[in-house]
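J.: One structure, as structure tokens, below. Some questions next.
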Amino acid sequence: MFPLKDNIPTLRFPAVTVALIAINVAAYFLWQRGTFGDQTHFECNLYDYGFIPRELTEGGQVADPDPTHPCAEPEAPTVLTVFTAMFMHGGLLHLGGNMLFLWIFGNNVEDSMGRVRFVVFYLLGGIAATALQLAIDPDSTVPNIGASGAIAGVLGGYILLFPRARIITLILIVFFFTFVELPAMLVLGIWFVEQALFGYFDLTGPAEGGGVAYFAHIGGFAFGLAAIKLFADERKQRAQLEARL
């Protein structure tokens with residue numbers, strides 16, 4: 001199930017959302033050198049600038065994955081990696097999926113609170129996501145990267161602001177696909193239940209040393225639910241809903 005578009009119009013150009021997408025794309029191709037670049041640089045970059053929980057809990061640095069290819073750059077301070085990791089991705093699908101969700105839902109959440117508040121809301125969502133993942137697996141040496149924790153905060157805010165919004169969604173059934181219009185509450189509700197279930201299975205299943213940081217998604221989403229009313233402007237939200245009519 002892939003959301004493609006919602007029916008909530010924006011009142012002004014979503015400059016911050018577009019800027020965040022541009023920064024993430026530029027970071028992946030120009031800074032990480034992902035997909036078409038130097039893979040040694042890409043791997044070292046993950047360990048230098050991705051957030052590694054054990055580095056924070058134990059105060060030490062985790063060695064790079066391949067000692068025969070030492071990184072030219074020194075590792076970033078661990079606290080800084082909480083932020084740098086939010087703009088890093090593990091591949092094109094990871095990047096593309098996150099940017100799709102940010103575009104669909106971020107523009108309306110930005111509209112509801114204004115640009116400066118949206119920047120703060122987005123970054124705090126990413127921090128909350130990292131905090132929960134850290135609490136769940138403090139000894140992990142796997143770099144946590146991706147914008148999905150911060151974007152999950154946007155999703156949590158969106159579901160409270162626009163529960164009756166309609167989302168044009170691509171449904172894949174084996175080799176067949178169709179487009180349907182579904183309530184935002186259903187689309188995002190299913191997404192959150194999936195994260196909770198996969199997170200539970202991650203906890204109870206055998207440790208495999210990698211994968212998706214589901215609890216980061218849960219932490220970001222919970223932050224969005226809890227904080228959206230502090231950031232959103234009720235008058236702007238009402239104007240958005242009236243514009244839809």
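J.: Karplus couplings for region 10-26 from phi (6.51 cos²θ - 1.76 cosθ + 1.60, θ = phi - 60°), rounded to Hz, Gly and Pro as x?
T.: Each residue's phi maps through the Karplus curve to give 8, 8, 8, 4, x, 4, 5, 4, 5, 5, 4, 4, 4, 5, 5, 5, 5 Hz.
J.: Using the Cα gyration tensor of region 156-201, with a ≥ b ≥ c the square roots of its eigenvalues, what is the shape: rounded (a/c below 1.5), prolate (a/b larger than b/c) or oblate (neither)?
T.: Values: a/c = 4.06, a/b = 1.09, b/c = 3.74.
Oblate, since a/c reaches 1.5 and b/c is not below a/b.
J.: Can you give me the long-range amide H partners of ASN144? Hydrogens built in the peptide plane at 1.01 Å from N, cutoff under 5 Å, separation of 5 or more residues or another chain.
T.: PHE51, ILE52
J.: Run through region 148-228 and list the GluC sites (Glu not before Pro) located in a DSSP loop whose Cβ has at most 12 other Cβ atoms within 10 Å.
T.: On the way: sites: GLU181, GLU194, GLU208; in loops: GLU208.
For GluC sites (Glu not before Pro) across region 148-228 that sit outside H, G, I, E and B with at most 12 neighbouring Cβ atoms in 10 Å, the list reads GLU208.
J.: As a check on your grasp of the helix formula, calculate [θ] at 222 nm for the chain: sum -39500 (n - 2.57) over DSSP H runs of n ≥ 4, divide by the residue count, round to the nearest 500.
T.: Working: 10 runs with 144 residues, N = 245.
Helix contribution divided over all residues of the chain: -19000 deg cm²/dmol.
J.: Mind putting a number on the dipole of region 2-244 about its Cα centre? Charges go on the C-beta only, +1 for Lys and Arg and -1 for Asp and Glu, and I need it in Debye to the nearest 20.
T.: About 1380 debye.
J.: Out of these labelled values of Kirkwood radius over Cα pairs in Å, [x] 18.7; [y] 20.2; [z] 18.1, which was calculated from the coordinates shown here?
T.: So the calculated entry is the one marked [x].
J.: Also: Please list 3J(HN,Hα) in residue order for region 98-107, calculated via the Karplus relation 6.51 cos²θ - 1.76 cosθ + 1.60 where θ = phi - 60°; whole Hz, with x for glycine and proline.
T.: Ordered by residue, 3J(HN,Hα) equals 5, 5, 4, 5, 5, 5, 5, 9, x, 4 Hz.
J.: Looking at the chain, which longest stretch skips every one of the trypsin sites (Lys or Arg not before Pro) that is in a DSSP loop with at most 16 other Cβ atoms within 10 Å, leaving the sites themselves out? Kindly include the intermediate steps, with their values, before the conclusion.
T.: Numbers: sites that count: ARG12, ARG33, ARG164.
No qualifying site falls inside 34-163, the longest such stretch.
J.: Could you give me the ³J(HN,Hα) list for region 196-202, computed from phi with Karplus coefficients 6.51, -1.76, 1.60 and θ = phi - 60°, whole Hz, x at Gly and Pro?
T.: 5, 5, 5, x, 4, 5, 5
We did not get these values from a lab; they are worked out from the coordinates using the rules stated. Here the structure is a predicted model, which is why all the values come from computation and not from measurement. Using ideal geometry, Cβ is built from the backbone for each residue, glycine included, and neighbour counts are taken over all protein chains shown.
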